[in-house]
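Any read-out appearing in this document is the output of simple, stated calculations on the displayed coordinates, not a laboratory observation. Since this is a predicted model, take the numbers as computed values, not measurements.
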Amino acid sequence: MLLHASPKDGCKNARSRPRLANVLISYRRADSAGIVGRIYDRLIVRYGAENVFLDVDKIPFGADFRTHIRKTLAGTDVVVAIVGPNWLGRSNGQLRIHEQNDPVRAEIEAALDAETPICPVLLDGATMPSEAELPPALTRFAYVNAAPLDAGRDFEHHM
């Protein structure tokens with residue numbers, strides 16, 4: 001599916017080419033870092049490296065990631081939220097998603113606050129978190145329709 005962004009001024013010119021969407025990839029490294037590289041590679045082929053944001057390459061050293069993410073979201077058309085089996089970040093009985101300084105929480109919360117569309121991608125049979133598992137600021141995320149992605153033999157088809 002090719003994503004296009006509508007012009008900010010609302011004008012529609014049939015002869016002008018729509019600009020490609022700006023995409024931000026949100027993921028938990030401990031959960032899905034391996035597959036995210038493959039997803040990123042496919043997205044930059046379609047949308048161009050300048051239109052796909054992946055934290056590893058695009059957050060400057062020394063920058064406050066929360067501030068940088070909020071600024072990046074201002075120009076983002078869609079957030080692709082990669083949800084694997086450990087997306088909530090279970091660690092020692094605690095869920096990282098409930099921590100104020102959790103980067104994944106910061107990204108999803110900022111997208112929800114900005115009303116940026118979010119497209120959850122469920123890896124290898126993962127399910128969307130329930131409302132009860134999420135902090136109050138993220139409960140709307142539990143109801144966003146998600147797309148499945150098999151990292152194995154069906155990867156190309158799903159992408």
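Tabulated results
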quantity	calculated
Gain on full stretching of the segment that runs from Phe65 to Glu131 - 0.36 nm per residue minus C-alpha separation	21.2 nm
Bridge type composition, the range 72-159 - antiparallel percent by DSSP, nearest 5	20 percent
